[in-house]
Amino acid sequence: MKESKANPGDYVEVHLMKKIYEGILLENPETEKGIVLLKLDSGYNIGFNKKDVLKIKTLKKSKEKTKDIEIKKSNEKPNIAMIITGGTISARLNPKKGGVDWLDTPESLFKFYPEIFEKINISKVEVPFMKASEDMDFKDWKKIARVTEKLLNDSNIKGIIITQGTDFLHYTSSALSFFLRNLNKPVVLTYSQRSIDRASSDANLNLQCSAIAAISDIAEIMIVGHETINDNYCYAMPGTKTRKMHSSKRDAFKIINDKPFAKIFPDRIEIISDYIKRDNKKKVKLDSKFEEKVALVKIYPGQSPDILDYYLKKKYKGIILEMSGLGHVPTTRARKSWIKKLKEVQKKGLIICAAAQTIYGKLDPLVYSNGRELLKTGIIYLEDMLAETALVKLGWVLGHSKWAKDKEIVKKKMLENFSGELNNRLEINF
């Protein structure tokens, strides 16, 4: 290989005998000195034996030393606050690792997304923690809720943007939908499927649209993100009716059994459905009581009901069963019927609720005899509620000791529509 002046982070061509590859040159680990590592435009890493590389040509030097961008605040722009918690939207490529690392300061984030300041001032920034969403739990939801409550009750703040990783974002949006009562202003959760070092990053449009949502009159918990794979517009999606439906596409989040609040472009917003209107006179109240001993169990063919004994032994308080079809588990004709066990565990105090693993549609145990038999066991059927939302709601309901001690009150609260989690008029958006 010819001597190269390329450095890790540079965009280069790697010339082999019969093919040329383009990408970002990565720094080799100590154990891989004989390898040339490259991050392709697709986001994947590839390695070449140095002996097979004819030359490395630098096409573009690394922008590691990007100049600071001066962000000027204007009294003519509304003030919003931002809560940064981690995730891909807060990360960029680390050439030494070939993966992404967290941006170290809020200023580092804003340097890459200056367009967000065209319509708003970010007057306050809170960083309660920096985690991947799979590392979060209910204690982190509580932290976010506490910070959000304080900011919403600040008269100088018009709205909130929360950035987080995508994988469990819809759990957080559900939690905030129950924890923050008497909402007065927009709370916008947004994300990025692709990190800022990639040309296909979706972060910039998501943040621009989130800024417009945050200063709108939509006083709701909402997820704002790409509606299509293109950089044309976003949807403002209900926090309890939205789910991540693709592992990597830019339009990964979809609304289930409901409509978006609005269609948002970088320069305007188009309202689509009803929403709670902004009311700055309201005072938001934090209600983040939560029982962590709840679980989500997916039903599959031939599954033994004995799994419920494990949750009883571990002193769990409630279970969401992801049931098949209109709300079924193996019953009397099955080799392993759940009927006897469901009656037994509920008599011992375990709350059993049902959600649909089909995702779209609504449970109806009255259509088939199996469903009617299951309904008699005392299961609480949660209509069209998403299973993830149901899990969060059950933890929230059981966290209130005055509700948790009476199953009939638990049932009433689980079927009470607190934050749009239930929809009697289902949308055909499958």
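The values are calculated or read from the model by the stated rules, or taken from the named source; none is laboratory data. Computed from a prediction, not measured in an experiment: that's the story for all the values here. Positions of Cβ are generated from backbone atoms using ideal geometry, with glycine treated the same way; all protein chains shown enter the neighbour counts. Surface accessibility is based on the protein's heavy atoms, side chains included, excluding ligands, DNA and RNA. Shrake-Rupley method; radii C 1.70, N 1.55, O 1.52, S 1.80 Å.
Things to note:
- Reported to the nearest whole Å, the Cα centre-to-centre distance from the range 374-430 to the range 276-297 is 15.
- Modelled label reach - K407, point 7 Å along Cα→Cβ, the range 345-386 residues with backbone N closer than 15 Å: 345-354, 374-381
- Student exercise, the chain dipole from Lys, Arg, Asp, Glu Cβ charges, in Debye to nearest 20: 1060
- Highest average packing first - 48-57, 212-221, 234-243, Cβ atoms within 10 Å: 234-243, 212-221, 48-57
- Accessible surface of the chain, 1.4 Å probe, proportion on carbon and sulfur as whole %: 48
- Rounded FRET efficiency, nearest 0.05, which uses the C-beta distance separating I20 from E344 and R0 of 45 Å: 0.10
- Proportion of all alpha-carbon pairs of the chain beyond 31 Å (%): 48
- In sequence order, the range 5-12 has phi-based couplings of 9, 6, 10, x, x, 6, 8, 9 Hz under the Karplus curve 6.51 cos²θ - 1.76 cosθ + 1.60, θ = phi - 60°, and Gly or Pro positions carry x.
- Rolling a 1.4 Å probe over the protein heavy atoms gives the chain an accessible area of 49 Å² per residue.
- Hydrodynamic analysis of the range 379-430 uses the Kirkwood radius over alpha carbon pairs. Inserted into Stokes-Einstein at 25 °C and 0.890 mPa s, it gives a translational diffusion coefficient of 209 µm²/s.
- On the beta carbon distance between K298 and D41, with R0 = 56 Å, the FRET formula returns roughly 0.95.
- Helix-derived mean residue ellipticity, 222 nm - over the chain, DSSP H n ≥ 4, -39500 (n - 2.57), to 500: -6000 deg cm²/dmol
- Where labels lie 7 Å past Cα in the beta-carbon direction, separation of R333 and K73 in nm: 6.8
- Residues whose amide H lies under 5 Å from that of T242, counting only those 5 or more places away or on a different chain, are I256; hydrogens are built 1.01 Å from N in the peptide plane.
- Helix 203-214 vs. the chain, principal-axis angle (Cα, 0 to 90°, nearest 10): 50
- Within the chain, percent of DSSP bridges classed antiparallel, to nearest 5: 60
- Estimated inter-spin distance, E27 and K60, nm [label 7 Å along Cα→Cβ]: 2.2
- Near the amide H of Y381, within less than 5 Å, lie the amide hydrogens of A354, all on another chain or at least 5 residues away, with H placed in the peptide plane.
- Amide H contacts under 5 Å for I162: I83, V188, L189, T190, restricted to partners 5 or more places along the chain or on a different chain, H placed in the peptide plane at 1.01 Å from N.
- Between helix 169-179 and the chain: long-axis angle, C-alpha atoms, 0 to 90°, nearest 10: 50
- Acute angle (nearest 10 degrees) that the helix 138-152 long axis makes with the longest principal axis of the chain, alpha-carbon atoms: 80
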